[in-house]
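The values are calculated or read from the model by the stated rules, or taken from the named source; none is laboratory data. Keep in mind that this is a model prediction, so the values were computed, not measured. All Cβ positions, even for glycine, are placed from backbone atoms using ideal geometry, and neighbour counts span all protein chains on display. Ligands, DNA and RNA are excluded from the accessible area calculation, which covers all protein heavy atoms including side chains. Shrake-Rupley method; radii C 1.70, N 1.55, O 1.52, S 1.80 Å.
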Amino acid sequence: MPADPVALAHELLRCPSVTPQEGGAISFLEKILISAGFAVHRIVFSEPGADDIENLYARIGTAGPHLLLAGHTDVVPPGDEARWRHPPFAGDIADGVLFGRGAVDMKGAIACKLAAVLDHLAANGSQPKGSISFLITGDEEGVAVNGTVKLLPWAAARGEKFDHCILGEPTNPTQLGDMVKIGRRGSLNGSLIVTGTQGHVAYPALADNPVRRIVAIMAAVMAEPLDAGSTHFDPSNLEFTSVDVGNKTVNVIPPEARARFNIRFNDRHTQASLKALVEARARAAAQGGHFRIEWDPSNADVFLTKPGPFVELVSSAIAEVTGRQPELSTTGGTSDARFIKDYCPVVEFGLVNATMHKIDENVATDDLVALTAIYRRVLDRYFNCPINSPP
Ligand SMILES: [Zn+2]
């Protein structure tokens, strides 16, 4: 009997695994993976000032190729539970729709991967023609310091080497088959701080108003695009997110003005090249006046998995099951793929993202069945097995 992704997703949704709680979700996966023949490791990571987090790494097979299936079992809080049509941790199914926090982000996709792997193994003598691993964290929605970022070097230290990875984040805007993510923009935060000389508004010559200078610098920084975009990316973009003077008076020129900004950048830039560009524009606009930019540390670099045989394999599996040719996209925020890309090529494909993090997060059970068929095709093709799953 084929594995049932709807039943698996239902069980996962009943685990209240709001970050940093494990909620029984990792234990549920552990039990199934052990009985399927995986060697399962549960690893708790710690960090001063952050909650301890449970993670899971499981592998079956010893040979190559080695396909990594990555994801997270933690979920964002449900918000006001009274506003949910179905309780957020009940896994209710109504009219072909499964409700619950994590239905699309991303317990549903984990259930589909699990079902696809169980079926693939059942059809191939319980062993892959290579290796399959699950890398599942409980720390993606939170500060994400005790999850994938630590799990990958932990695995590498054990000698684990991956050839390709599929991350199951919800990637489709409206329908299953819309979109595969083959890269993500980088993200960099900075603060612009302009200091002047405090004084009386009626005697501006005796003061140096930092507001004039910060306005000029902000305008100069935003005046031109940071680049024109690239083959697979939109232009890099800088957005100011806050401007602060904090002046309660009406007659004092303030001593300091601050602004915060975020940059989402493409593969035409590095963090270093962006910093140099922004600082040069600011310097020119400041005309010798004092300013400084403080850059937050960032572990969110841009990455791109170039279209090639692996991207094609995933895309064709999606097209065959859904009848839609997925767009190869690099849009959206950052994901754990920013860490995985340092270990192997990674693509992201999961469910429809329209309800993620919302009240009444839900997934059509038909989508769970179709996503399982897609993952199954990927596995069968990847390991050169005949495709047994129905289209
Ligand atoms: Zn997610």
* Determine the share of the stretch 146-256's accessible area contributed by carbon and sulfur atoms, expressed in whole percent, with a 1.4 angstrom probe. => 54 percent
* To do: Report relative contact order for the stretch 222-328 in percent, whole number only (criteria: Cα-Cα under 8 Å, sequence separation at least 6).
  => 19 percent
* Can you give the charge dipole size of the chain about its Cα centre, rounded to the nearest 20 debye, using +1 on the beta carbon of Lys and Arg and -1 on the beta carbon of Asp and Glu? -> 880 debye
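Provide the gained length on full extension for the span V250 to Q325, in nm with one decimal, where the gain is 0.36 nm per separating residue minus the Cα-Cα distance. Could the numbers behind the result be given before it?
On the way: separation 75, 0.36 × 75 = 27.00 nm, distance 5.97 nm.
So the extension gain works out to 21.0 nm.
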* At a 1.4 Å probe, what is the % contribution of carbon and sulfur to the accessible area of the stretch 330-391? -> 53 percent
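Using a/c under 1.5 as the rounded threshold, could you call the stretch 49-144 rounded, prolate or oblate? The axes a ≥ b ≥ c are square roots of the C-alpha gyration tensor eigenvalues, and prolate needs a/b larger than b/c, oblate otherwise. Working shown, then result.
Numbers: a/c = 4.08, a/b = 1.54, b/c = 2.65.
Cα axes put the stretch 49-144 in the oblate bin.
Starting from the residue with the highest accessible area, list R260, R338 in decreasing order, probe 1.4 Å. The partial results should precede the final answer.
Working: R260 90, R338 40 Å².
Order by accessible area, largest first: R260, R338.
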* For D380, D366, D52, D301, write out the residues from largest to smallest accessible area, computed with a 1.4 angstrom probe and no ligands counted. => D366, D52, D301, D380
* Structure fact -> Ignoring ligands and nucleic acids, L69 exposes an accessible area, probe 1.4 Å, in Å² to the nearest 10, of 10 Å²
* As computed over the chain, the Cα convex hull volume per residue (Å³) -> 158 Å³
* Asked: Using 0.36 nm per residue, how much length does the chain from A63 to R83 gain when fully extended, once their Cα-Cα distance is taken away?
  -> 2.3 nm
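I want the local charge near N353. Using Cβ-Cβ distances under 9 Å, sum +1 for each Lys or Arg and -1 for each Asp or Glu among the other residues.
Working: positive: none; negative: D105, E169.
With Lys, Arg at +1 and Asp, Glu at -1, the neighbours total -2.
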* Comparing V302, V321, V143, which has the greatest mean-square fluctuation in the GNM of the chain with Cα pairs linked when under 10 Å apart? -> V143
* Structure fact -> Amide H neighbours of H164 at under 5 Å, excluding residues fewer than 5 places away on the same chain, with H built from the backbone geometry, are H66, L68
* Which ³J(HN,Hα) values, rounded to whole Hz and listed in residue order, are derived for the stretch 56-70 from phi using the Karplus coefficients 6.51, -1.76 and 1.60 in 6.51 cos²θ - 1.76 cosθ + 1.60 with θ = phi - 60°, glycine and proline given as x? -> 9, 10, 9, 9, 10, x, 10, 8, x, x, 10, 9, 9, 10, 10
* **Vicinal HN-Hα couplings computed from phi for the stretch 341-350 (Karplus, 6.51 cos²θ - 1.76 cosθ + 1.60; Hz; Gly/Pro x)** => 4, 7, 10, 6, x, 9, 10, 10, 8, x
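Where the only charges are on Cβ atoms (+1 Lys, Arg; -1 Asp, Glu), what is the dipole of the stretch 1-155 about its Cα centre, to the nearest 20 debye?
On the way: 11 positive and 18 negative charges, 110 e Å.
With only Lys, Arg, Asp and Glu charged at Cβ, the dipole is about 520 debye.
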* Work out from phi, with θ = phi - 60° and the Karplus expression 6.51 cos²θ - 1.76 cosθ + 1.60, the ³J(HN,Hα) of each residue of the stretch 205-210, listed in order in whole Hz, and give x for Gly and Pro. => 5, 8, 10, 9, 6, x
* Structure fact -> Over the chain, with neighbouring protein chains present, the accessible area per residue in Å² at probe 1.4 Å is 42 Å²
* To do: For E348, E239, give the ranking by accessible area with the largest first, probe 1.4 Å.
  => E239, E348
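Given charges of +1 on the Cβ of Lys and Arg and -1 on the Cβ of Asp and Glu, with all other atoms neutral, how large is the dipole of the stretch 282-355 about its Cα centre, in debye to the nearest 20?
It comes to approximately 260 debye.
What's the carbon and sulfur percent of the stretch 1-119's accessible surface, probe 1.4 angstrom, rounded to a whole number?
On the way: 2450 of 4630 Å².
Carbon with sulfur: 53 percent of the solvent-accessible area.
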